[in-house]
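Enquirer: I'd like to ask you about the structure that follows.
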Amino acid sequence: MHRGKGMKFVGDSRVKMNDRMPNIPKDYSEYPGKTEAFWPDFLLKEWMVGAVFLIGYLLLTVAHPSPLEGPADPTNASYIPLPDWYFLQMYQLLKYAYASGPYNVIGAMVIPGLAFGSLALMPFLDRSPERRPSKRPLPTVFMLLTLCAIVYLTWESVHNTNWEKVHAQGEIKEPTPEIEFDENAEGFLILSGDQGKSCIACHGADLAGGGAAPALLGNELTAEEVAEVMKNGRGAMPGGQFAGTDEELQVVAEFIASLKAEE
Amino acid sequence: MLNKIYDWVDERLDITPIWRDIADHEVPEHVNPAHHFSAFVYCFGGLTFFITVIQILSGMFLTMYYVPDVENAWKSVYYLQNEVAFGEIVRGMHHWGASLVIVMMFLHTLRVFFTGSYKKPRELNWIVGVGIFAVMLGLGFTGYLLPWDMKALFATKVGIQIAASVPFIGELIKILLAGDATIIGAQTLTRFFAIHVFFLPAVLFALLAAHFIMIRRQGISGPL
């Protein structure tokens, strides 16, 4: 580094003044062989690879909206937890007899710790100057075995998971709309009387539905449509369940049709 | 015009050495897919960085709507997913990017391993790379909880149980992560949010900077 007398600076800064060539890139003929200038030639190619990759990435995003399950409910004891897919192998490992329970330390710490630790210390474990995989058989074989183990454990975990159940258990449940109705309305009295016994059996005394039966509260049918469903059934519901007269049926249909969510 | 601006700045700040370090180097033939198609394996590292940039950008936009609070976290994600213009795309990119970055990073690790590129003099860069791998897994784990839906809560419960089974310091790790010895709740969510959005990205940036400075310093490893 040039020191001492004769140094000139830009203003009173510590940046040295120089008479360097202005910013003109090197001529390409100065690059020998098949090497290529990073800027701008190779970078352009990298961006083309990036663009192709981005298209695939966006197609994935558009084709598969990211999942969102129902809000967290810590009181749900029947939920089977699943980690993200890249942790499935560890999750599976912890299911084996000698990697769980009293041997949990082996599955949770020793095996992953050894794998990750030896990965981090690879340059010091494999000290030969050889770089070709065929000329350093031990590291190559160990890596391939580890790969097989990861693939096997992940596959085993995916195979043993009941995916239908997993998807069903997290579904977002539509909350039953809270609608207040007059419990002395004629339609409600008939419905909760003897004539409507089999209606209440499925749709519930509070009309909030249950099991396979949808809630009557917040339905989107007109009185005519409700009467039609009551007579002829719909989906899993058989027709002719209402035991009253046609007049009573009409009153009930109008009552049910009035149970609309407020706009 | 641009050259004049550059020269004006350069005279004052002497930026040409920086520019030379970043961009002015040659790319050897054996890593250039234009010459040997099999050299596409050298793209994995760059693609990992590309997805990382997308993760940072999409994550920044997600925090414009996301609320790290047990009452509102799920609602804010639901709103983001169903009501916000392009919210589904931004969240989708962040969600799938989290998986893709793991895939690409894994492929990059395998490329470096099988080409023996971690050997002298690149040992330190390999260790920093393994550190980046660990940080990325941590980001994946902490990000999984944030929507506060069923699978987030229960997967995190399992994860924290595993952390708690570490001998001697397990209980401390658990309390550090969950914010409480027994409850996984409001405190856990804010801690995971802070770790996901501030702590781990800070570590990630430092490691990435070290990774890239070392690559520029040492150049890419030679042909086999």
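Read-outs throughout are calculated quantities, based only on the coordinates presented, and are distinct from any laboratory measurement. Not measured: the values here are computed from a predicted model. Note: ideal-geometry Cβ built from the backbone for every residue, glycine included; neighbour counts use all protein chains shown.
Enquirer: Taking 7 Å along the Cα-to-C-beta vector as the label spot, tell me the A:ALA168-B:ALA194 distance in nanometres, rounded to one decimal.
Expert: 4.2 nm
Enquirer: Relative contact order (percent) for chain A, with alpha-carbon contacts under 8 angstrom and 6 or more residues of separation? The partial results should precede the final answer.
Expert: Numbers: 194 pairs, mean separation 34.1, N = 263.
Once normalised by length, the contact order is 13 percent.
Enquirer: While we're looking at this one, here's another question. Going through the stretch B:1-93, which chymotrypsin sites (Phe, Trp or Tyr not before Pro) have at most 12 other Cβ atoms within 10 Å and a DSSP loop state?
Expert: Details: sites: B:TYR6, B:TRP8, B:TRP19, B:PHE37, B:PHE40, B:TYR42, B:PHE44, B:PHE49, B:PHE50, B:PHE61, B:TYR65, B:TYR66, B:TRP74, B:TYR78, B:TYR79, B:PHE86; in loops: B:TYR65, B:TYR66, B:PHE86.
Within the stretch B:1-93, the qualifying chymotrypsin sites (Phe, Trp or Tyr not before Pro) (loop, at most 12 other Cβ atoms within 10 Å) are B:PHE86.
Enquirer: Of all the stretches in chain A, which is the longest one without any exposed loop site, taking chymotrypsin sites (Phe, Trp or Tyr not before Pro) in a DSSP loop (any state but H, G, I, E, B) with at most 16 other Cβ atoms within 10 Å?
Expert: Longest stretch, sites excluded: A:1-95.
Enquirer: Modelled label-to-label distance, B:THR63 and B:GLU11, 7 Å Cα→beta-carbon offset: nm?
Expert: In this crude label model, B:THR63 to B:GLU11 measures out at 4.0 nm.
Enquirer: About its Cα centre, what dipole magnitude does the protein assembly as shown give when the only charges are +1 on Lys and Arg Cβ and -1 on Asp and Glu Cβ, stated in debye to the nearest 20? Walk me through the numbers before you get to the answer.
Expert: Details: 36 positive and 49 negative charges, 910 e Å.
Around 4360 debye, computed over the protein assembly as shown.
Enquirer: Please name which of B:PHE37, A:VAL251, A:GLY6 has its Cα lying farthest along the dipole of the protein assembly as shown towards the positive end, using unit charges on Cβ (Lys, Arg +1; Asp, Glu -1) and the Cα centre as origin.
Expert: The Cα lying farthest towards the positive end belongs to A:GLY6.
Enquirer: Then there is this: Calculate the FRET efficiency for A:ASN76 and A:LEU144 from the Cβ-Cβ distance with a Förster distance of 41 Å, rounded to the nearest 0.05. Intermediate values should be presented prior to the final figure.
Expert: On the way: r = 42 Å, r/R0 = 1.02.
Given R0 = 41 Å and the Cβ-Cβ separation, E is 0.50.
Enquirer: Can you sort B:LEU189, A:LEU147, A:LEU60 so the residue with the fewest Cβ neighbours within 10 Å comes first?
Expert: Lowest count first: A:LEU147, A:LEU60, B:LEU189.
Enquirer: Next question. Could you tell me which of rounded, prolate or oblate describes the stretch A:186-257, using a ≥ b ≥ c as the square roots of the eigenvalues of the alpha-carbon gyration tensor, with rounded for a/c under 1.5 and, failing that, prolate when a/b is larger than b/c and oblate otherwise? Write out the running numbers ahead of the final one.
Expert: Numbers: a/c = 1.26, a/b = 1.15, b/c = 1.10.
Here the stretch A:186-257 falls in the rounded category.
Enquirer: Take each uninterrupted DSSP H stretch in chain A, measure its Cα extent along the helix axis, and return the ones at 24 Å or beyond whose mean Kyte-Doolittle hydropathy is at least 0.0. Kindly include the intermediate steps, with their values, before the conclusion.
Expert: Numbers: long enough: A:43-63 (30 Å, 1.77); A:137-160 (34 Å, 1.11).
Result, helices passing both filters: A:43-63, A:137-160.
Enquirer: How long are the semi-axes of the ellipsoid equivalent to chain B, from square roots of 5 times the Cα gyration tensor eigenvalues, in whole Å, largest first? Present the calculation step by step, with values, prior to reporting the outcome.
Expert: Values: eigenvalues 277, 110, 63 Å².
Each semi-axis is √(5λ); the values are 37, 23, 18 Å.
Enquirer: Of A:HIS167, A:LEU216, A:ASN18, which is farthest on the positive side of the dipole of chain A, counting Cα position, with +1 on Lys and Arg Cβ, -1 on Asp and Glu Cβ, and the Cα centre as origin?
Expert: Of the candidates, A:ASN18 comes out farthest on the positive side.
Enquirer: Pull out a ≥ b ≥ c, the square roots of the eigenvalues of the alpha-carbon gyration tensor of the stretch B:72-165, then state rounded if a/c is under 1.5, prolate if not and a/b is larger than b/c, and oblate in the remaining case.
Expert: Working: a/c = 3.78, a/b = 1.81, b/c = 2.09.
Oblate is the answer for the stretch B:72-165, as a/c is 1.5 or above yet b/c matches or exceeds a/b.
Enquirer: By counting other Cβ atoms within 10 Å of each Cβ, how are B:ILE183, A:ILE200, B:ILE132 ranked from fewest to most? It would help to have the intermediate numbers written out before the result.
Expert: Working: B:ILE183 11, A:ILE200 15, B:ILE132 20.
Lowest count first: B:ILE183, A:ILE200, B:ILE132.
Enquirer: A follow-up question, please. Please find, in a Gaussian network model of chain B (springs between Cα atoms separated by less than 10 Å), the residue of B:ARG111, B:ARG12, B:ARG91 whose mean-square fluctuation is greatest.
Expert: In the Gaussian network model the winner is B:ARG12.
Enquirer: Evaluate the relative contact order of chain B (contact order divided by residue number), counting alpha-carbon pairs under 8 angstrom at least 6 apart; express in whole percent. Please list the in-between numbers first.
Expert: Details: 171 pairs, mean separation 44.7, N = 224.
The normalised contact order for chain B reaches 20 percent.
Enquirer: Here's something else I'd like to know. Taking each residue of A:77-86 in turn, how many C-beta atoms of other protein chains fall within 10 Å of its C-beta, and what is the average? Kindly include the intermediate steps, with their values, before the conclusion.
Expert: Working: counts 0, 0, 5, 2, 11, 4, 10, 13, 3, 9.
Mean shielding by partner chains, rounded to a whole number: 6.
Enquirer: Let me confirm one metric for peptide B:151-161, namely the mean number of other chain beta-carbon atoms within 10 Å of its residues' beta-carbons. Spell out each step's value before the answer.
Expert: Working: counts 14, 7, 8, 12, 6, 3, 3, 6, 6, 0, 4.
Averaged over the peptide's residues, the number is 6.
Enquirer: Arrange the following residues from fewest to most other Cβ atoms within 10 Å of their Cβ: B:LYS151, B:LYS119. Present the calculation step by step, with values, prior to reporting the outcome.
Expert: Working: B:LYS151 24, B:LYS119 19.
By the 10 Å Cβ count, ascending, the order reads B:LYS119, B:LYS151.
Enquirer: While we're here: Going through the cross-link list A:LYS165/B:LYS174; A:LYS34/B:LYS4; A:LYS45/B:LYS119; B:LYS75/B:LYS174; A:LYS173/B:LYS75; A:LYS95/B:LYS157, which pairs have a Cα-Cα distance over 23 Å in this structure? Working shown, then result.
Expert: On the way: A:LYS165/B:LYS174 30 Å; A:LYS34/B:LYS4 32 Å; A:LYS45/B:LYS119 28 Å; B:LYS75/B:LYS174 27 Å; A:LYS173/B:LYS75 14 Å; A:LYS95/B:LYS157 16 Å.
Beyond 23 Å: A:LYS165/B:LYS174; A:LYS34/B:LYS4; A:LYS45/B:LYS119; B:LYS75/B:LYS174.
Enquirer: Find me the longest stretch of chain A that has none of the exposed trypsin sites (Lys or Arg not before Pro), where exposed means in a DSSP loop (not H, G, I, E or B) with at most 15 other Cβ atoms within 10 Å. Mind showing how you got there, number by number?
Expert: Numbers: sites that count: A:ARG3, A:LYS5, A:LYS8, A:ARG14, A:ARG20, A:LYS26, A:LYS34, A:LYS95, A:ARG127, A:LYS173, A:LYS260.
Between exposed loop sites, the widest span is A:174-259.
Enquirer: When the dipole is taken about the Cα centre of the stretch A:29-80, and only Lys, Arg (+1) and Asp, Glu (-1) are charged at their Cβ, what size is it in debye, to the nearest 20? Mind showing how you got there, number by number?
Expert: Details: 2 positive and 6 negative charges, 25 e Å.
Using Cβ point charges on Lys, Arg, Asp and Glu, the stretch A:29-80 gives about 120 debye.
Enquirer: Further question: Please compute the volume of the convex hull spanned by the alpha-carbon atoms of the protein assembly as shown and report it per residue in Å³. Write down the numbers at each step before the final one.
Expert: Details: hull volume 124.5 nm³, N = 487.
That works out to 256 Å³ per residue.
Enquirer: Label points 7 Å out from Cα along the Cβ direction at A:ASN18 and A:GLU178: separation in nm?
Expert: 7.4 nm
Enquirer: Moving on. Rounding to the nearest 20 debye, state how big the charge dipole of the stretch B:1-133 is about its Cα centre with +1 on each Lys and Arg Cβ and -1 on each Asp and Glu Cβ.
Expert: Values: 9 positive and 13 negative charges, 92 e Å.
In debye, rounded to 20, the stretch B:1-133 gives about 440.
Enquirer: Please average, across the residues of B:21-28, the number of beta carbons from any other chain that are within 10 Å of each residue's own beta carbon, and give a whole number. Don't skip to the end; give the middle numbers.
Expert: On the way: counts 0, 2, 6, 5, 5, 11, 12, 4.
So the per-residue partner count for this stretch is 6.
Enquirer: Quote the relative contact order of the stretch A:52-188 in percent (integer), defining contacts as alpha-carbon pairs under 8 Å separated by 6+ residues. Mind dumping the intermediate values first?
Expert: Details: 57 pairs, mean separation 42.5, N = 137.
It comes to 31 percent, rounded to a whole number.
Enquirer: Under DSSP H, which helices of chain B have Cα atoms covering 24 Å or more of the helix axis and a Kyte-Doolittle average no less than 1.0? Working shown, then result.
Expert: Details: long enough: B:44-62 (26 Å, 1.86); B:87-114 (40 Å, 0.98); B:123-145 (34 Å, 1.49); B:200-218 (27 Å, 1.36).
Sorted by number, the helices that extend far enough and score high enough are B:44-62, B:123-145, B:200-218.
Enquirer: Report the Cα centroid-to-centroid distance between the stretch B:173-203 and the stretch A:157-198 in angstrom, as an integer.
Expert: 37 Å
Enquirer: Also: At most 12 other Cβ atoms within 10 Å and a DSSP loop assignment: could you name the GluC sites (Glu not before Pro) in the stretch B:79-143 that fit? Walk me through the numbers before you get to the answer.
Expert: Working: sites: B:GLU83, B:GLU88, B:GLU123; in loops: B:GLU83.
Sites meeting the loop and neighbour criteria: B:GLU83.
Enquirer: Moving on. For B:ALA202 and A:LYS135, FRET efficiency with R0 = 45 Å and r from the beta-carbon atoms, rounded to 0.05? Numbers along the way, then the final one.
Expert: Working: r = 40 Å, r/R0 = 0.90.
It comes to 0.65.
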